1. For segment 26-81, how big is the tail of P(r) above 14 Å, as a whole percent of Cα pairs?
2. Taking LYS199 as the anchor, which lysines have their alpha carbon closer than 21 Å to its alpha carbon, excluding any fewer than eight residues away along the same chain?
3. Could you give the C-alpha radius of gyration of segment 152-206 expressed as a fraction of 2.2 N^0.38 Å, taking N as the number of residues it contains?
4. Along the charge dipole of segment 117-239, pointing to its positive end and built from +1/-1 on Cβ of Lys, Arg, Asp and Glu, which listed residue (GLY173, ALA158, VAL232) has its Cα farthest out?
5. Pop the C-beta distance of MET83 and ASN150 into the FRET formula with R0 = 22 Å and round what comes out to the nearest 0.05.
6. By how many degrees, between 0 and 90 and to the nearest 10, does the Cα long axis of helix 140-159 differ from the longest principal axis of the chain?
7. For helix 55-64, report the angle its Cα long axis makes with the longest principal axis of the Cα atoms of the chain; keep it between 0 and 90° and round to the nearest 10°.
8. Mind checking the angle between helix 224-237 and the chain's longest principal axis? C-alpha axes, 0 to 90 degrees, to the nearest 10.
Amino acid sequence: MHVLVTGGAGYIGSIVNQQLLAAGHHVVVYDNLCNGHAAAVPPATPLIKADLVDRDALVFALRHHGIQAVVHMAAHCLVGESMTDPGKYYANNLVAGISLLECMRTCGVVRIVFSCTAAVYGEPTRNPIEETDPTTPLNPYGESKFAFENALRWYAIAHGLRYVSLRYFNAAGASHEFGEWHDPETHLIPLALQTACGKRGSLEIYGDDYPTRDGTCVRDYIHVTDLATAHVLALEALNAPHPLGRIFNLGCGGEGYTVREVIDIARQVTDRKIRVQVTPRRPGDPAVLVASSAKIRKELGWNPKYQDLYKIIGSAWAWLQAHPNGYES
Ligand SMILES: NC(=O)c1ccc[n+]([C@@H]2O[C@H](COP(=O)([O-])OP(=O)(O)OC[C@H]3O[C@@H](n4cnc5c(N)ncnc54)[C@H](O)[C@@H]3O)[C@@H](O)[C@H]2O)c1
């Protein structure tokens, strides 16, 4: 298929692009580079530097490249920032997303895979979280992604859009060529590795008085290449029409890791010291967040290869050592 990957110059998008190419698809990346990196797009992949709200550029891209499907990764993704600047999140994650859907409609493109988030669940009623569990996002990031996911359902009903939405928590790790390089960085594993290599003095642990095995929060980590594989499977599943679209969680398959366990594994992988500082809990941080991936395993045959956190962190460390300045060098 000819596939447009929005946000394909970002962390997960760059690796989705790699896997789509490996599966024999033709890829065009559409990214305004507000958080992405041109160097994260392989030279053979066309990169269109434009915003989702630029309808002329988007329609031209869809038509000129004969696009048959979209993998929609472009978004703003910082939970904390979304709390202080909700408008930025609604504008990009919802309004700009609707611009994409309208351009797809103009061009007759009816397939989309949406990279959603498990933040749509808010405070979970149980773990692991299943797709049918209540959705009560606790921040504008989760709420804006959820609003777009709901729009997909209405576009399916009104216009025959075929969609798969993937809800997951923490992407982690790297491929050989591409890795995570955000500014600011807010994710635990890259922060731990930056601390290990001296780019940061210490790492904050937000609360160690949760009702978990060591008092720190339990979270779900998925290797980014496994996530990318799920996006490819989701894309291929769109060949079979499904009247109301499909929603799948992606989870680590186990019971998750505490923040302290992640840091201990990062110490072992890097063989370096990682200083930590325990600070008070952040508001809105649930004790445990783990998603079930039983449904996507059963229905799409997703079979993640890198569930071992040593391997996940090992791949991120290998990439960071090979690219000490990320994409900046
Ligand atoms: N990183 C995670 O752990 C995680 C977890 C769950 C869901 N997700 C979702 O996965 C997707 C990718 O996340 P990521 O970590 O790779 O983020 P990222 O910031 O690295 O990538 C997002 C990309 O989208 C581009 N972009 C943003 N707004 C745009 C616009 N209006 N027009 C064109 N391009 C635009 C950015 O330049 C960037 O390259 C996001 O939709 C995010 O919500 C990420």
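1. 57
2. LYS273
3. Details: Rg = 18.1 Å, N = 55, 2.2 N^0.38 = 10.1 Å.
Expressed relative to 2.2 N^0.38 Å, the Cα Rg reads 1.80.
4. ALA158
5. So, using R0 = 22 Å, E works out to roughly 0.55.
6. 30
7. Relative to the chain, helix 55-64 is tipped by roughly 70 degrees.
8. So the helix axis and the longest Cα principal axis differ by about 30 degrees.
The values are calculated or read from the model by the stated rules, or taken from the named source; none is laboratory data. Note that the coordinates shown come from a computational prediction; the quantities given were computed from them, not determined experimentally. Neighbour counts run over all protein chains shown; Cβ positions are idealised from the backbone, glycine included. Just the protein is used for accessible areas: all its heavy atoms, side chains included, with ligands, DNA and RNA removed. Shrake-Rupley method; radii C 1.70, N 1.55, O 1.52, S 1.80 Å.
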